[in-house]
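Heads up, the thing below is written out as structure tokens.
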Amino acid sequence: MRVTAIYPGTFDPLTYGHMDVARRASSMFDDVIVGVAASAGKGPWFSLEERVDMTTRILSDLDNVTVQSFDGLLMDYARQMDSRVIVRGLRAISDFDYEVQIAGVNRHLAPEVETIFIAASQEFTFLSSSVVREIAKMHGDVSDFVHPVVLEGFEKRHQRALRSSINSSEI
């Protein structure tokens, strides 16, 4: 029996910490679906299509990992994908408190689906997408935190913003 795990997240953007969890999950399960959540309510910096594209490119060397977008309840998506395992990364005690609450609700919604926690590697315990976004918004160097594909995405975003501000100032 093949075991398919889902590693869900907004991945706005995918960080080296996320990559670490995905790689480690890929060594534990037959198949891993990195589920990029639409999460429109969070107001992601990158579009869903950009996040899926970057994540797909970055994780392309992992043969048993696929990247897909999803919207709606994670447990509905898990059932749709015939997955009985959710993978979540943990950085700190504060993550644990939140993730245990979410795992409890998910277990209530879908008792057949288990949540597995993977502790972040030591070098990634401080790293979050929101911190990376804040640094990048201020044109800071995030090259130690994200893959070059994400750096390319930030550069394109900065150039679009620059072109937009130039065009609006000409009006």
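Where a number appears in this text, it was derived from the coordinates with a stated rule and is not lab data. Worth saying up front: this structure is predicted, and the values here are computed from it rather than measured. Glycine gets a Cβ as well: all are built from the backbone with ideal geometry, and neighbour counts include every protein chain shown.
Across segment 1-95, Cα-Cα pairs farther apart than 18 Å form 42% of the total.
Considering only Cα atoms, the convex hull volume of segment 55-104 works out to 112 Å³ per residue. Taken about its Cα centre, segment 83-158 carries a charge dipole of about 240 debye when Lys and Arg each add +1 at the Cβ and Asp and Glu each add -1 at the Cβ.
Per residue, the average separation of C-alpha pairs within less than 8 Å and at least 6 apart gives the chain a relative contact order of 27 percent. The trypsin sites (Lys or Arg not before Pro) of segment 1-80 meeting both criteria, a DSSP state outside H, G, I, E and B (loop) and at most 13 other C-beta atoms within 10 angstrom of the site's C-beta, are ARG2. Cα extents for the chain along the principal axes, largest to smallest and rounded to whole angstrom: 60, 33, 32.
From helices alone, the chain scores -14500 deg cm²/dmol at 222 nm; the rule is -39500 (n - 2.57) for each run of n ≥ 4 DSSP H residues, then divide by the residue total.
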